[in-house]
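Asks: Quick one: the structure is below, and I'll ask about it shortly.
The values are calculated or read from the model by the stated rules, or taken from the named source; none is laboratory data. Remember, it's a predicted structure, so these values are computed and weren't measured experimentally. When we count neighbours, we look across all protein chains shown, and the Cβ atoms used for this are built from the backbone with ideal geometry, even at glycine.
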Amino acid sequence: MGRIQSTTGRAGPPASVPVDAADAGVTIAVLDTGIAPHPDLNVIGGRSFVNNSNNPDDWTDRYAHGTLVAGIIGARNNGMGVWGVLPGVPLFSAKVLSDQGAGTTLSISNAVRWLVQNGAGMKVSVINLSLGGIGRDPFLCDAIQAAVDSGMVVVAAAGNSGVNMSSSLPANCAAVIAVTALDLVQGSPTGGGKPASYSNW
């Protein structure tokens, strides 16, 4: 018998041990600080878009956020700690944030548009944006719309400021599926229904 991890219970993982998603025919692009090598992760490649990077092959993670996000998405069920929502799913690392965790909407837009042009060959069907800022950016929203129009699903964090996400970019782009956080109820494997105090809504 498997277990539901409290960190992903509300998202709906199976109550039993999840199957390996390595051959699911889906690749998830993680736009973040990069992804560091790890035996838990099935990373098929990557590219850096940071500041029009002169070294696009340097997409490793030196800040840890992107690797953490990648683990939540796809850590293998291999006995090394927890498993992700889709264990072993192929991941593509699009480094859009620097080694200090900062970035620009231009870098993110460039990465999204590059994936629209090149993602099909890697079976990229989902773009994950666990990042955000304040304001609006039509150029970035247009890039995301182009990705959705091409058949991709684009998911973004609602943000961690405890405010309405209408001012949280890229969650406020019309084509994005914005994901918020819920408070957990002790003893409930599926969590609670109350928005977490820190999460945008």
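Asks: Just give me the residues in the range 51-85 being over 22 Å from VAL112 (Cα atoms), buried (at least 18 other Cβ atoms within 10 Å of the Cβ) and out of contact with any Pro (no Cβ under 7 Å at 6 or more places or on another chain), in sequence order.
Replies: Once the filter is applied, which keeps residues that are over 22 Å from VAL112 (Cα atoms), buried (at least 18 other Cβ atoms within 10 Å of the Cβ) and out of contact with any Pro (no Cβ under 7 Å at 6 or more places or on another chain), the range 51-85 yields only GLY84.
Asks: Can you confirm whether the range 88-98 contains a residue that is charged (D, E, K, R) and buried (at least 17 other Cβ atoms within 10 Å of the Cβ)?
Replies: yes
Asks: Moving on to the next point. So which residues in the range 169-196 are modelled with pLDDT of 95 or more and not β-branched (Val, Ile, Thr)?
Replies: LEU169, PRO170, ALA171, ASN172, CYS173, ALA174, ALA175, ALA178
Asks: Give me a count of the residues in the range 145-170 that are without any contact (Cβ under 8 Å) to a residue 40 or more places away in the chain and in contact with a helix residue (DSSP H, G or I) (Cβ under 6 Å, 6 or more places away or on another chain). Reasoning before the result, please.
Replies: Taking the range 145-170 as the starting set, the residues that turn out to be without any contact (Cβ under 8 Å) to a residue 40 or more places away in the chain are 145-153, 155-157, 161-168.
Of the ones still in play, those that are also in contact with a helix residue (DSSP H, G or I) (Cβ under 6 Å, 6 or more places away or on another chain) are 146-147, 150.
Looking only at that region, the number is 3.
Asks: While we're on this one: Collect the residues in the range 31-49 that are of a type in the set (A, V, I, L, M, F, W, C), closer than 20 Å to VAL155 by Cβ and surrounded by fewer than 24 Cβ atoms within 10 Å (Cβ to Cβ), keeping them in residue-number order. Step through it out loud before you land on a result.
Replies: Quick first cut of the range 31-49, residues of a type in the set (A, V, I, L, M, F, W, C) only: 31, 35-36, 41, 43-44, 49.
Now restrict to residues that are closer than 20 Å to VAL155 by Cβ: 31, 35, 41, 43-44, 49.
Across the range 31-49, the qualifying residues are LEU41, VAL43, ILE44.
Asks: Return the residue satisfying two criteria in turn: it lies in the range 124-166 and is under 12 Å from LEU31 (Cα atoms) and in a loop (DSSP other than H, G, I, E, B), and of such residues it is farthest from the chain's Cα centre (by Cα).
Replies: Per the stated criteria, the residue is GLY132.
Asks: Scanning for something over 24 Å from HIS38 (Cα atoms), of a type in the set (A, V, I, L, M) and surrounded by 14 or more Cβ atoms within 10 Å (Cβ to Cβ), does the range 123-142 turn up at least one residue?
Replies: In the first step, residues of the range 123-142 are kept if they are over 24 Å from HIS38 (Cα atoms); the result is 132-142.
Right, trim to of a type in the set (A, V, I, L, M) and you get 134, 140.
Okay, now just the ones that are also surrounded by 14 or more Cβ atoms within 10 Å (Cβ to Cβ), so 140.
Yes, there is a match, as at least one residue in the range 123-142 is over 24 Å from HIS38 (Cα atoms), of a type in the set (A, V, I, L, M) and surrounded by 14 or more Cβ atoms within 10 Å (Cβ to Cβ).
Asks: Quick test for you: out of GLY79, GLY101, GLY66, pick the one residue that is assigned to a loop (DSSP other than H, G, I, E, B) and either in contact with an Asp or Glu (Cβ under 7 Å, 6 or more places away or on another chain) or modelled with pLDDT under 95 (or both).
Replies: Values: GLY101 fails: either in contact with an Asp or Glu (Cβ under 7 Å, 6 or more places away or on another chain) or modelled with pLDDT under 95 (or both); GLY66 fails: assigned to a loop (DSSP other than H, G, I, E, B).
The conditions single out GLY79.
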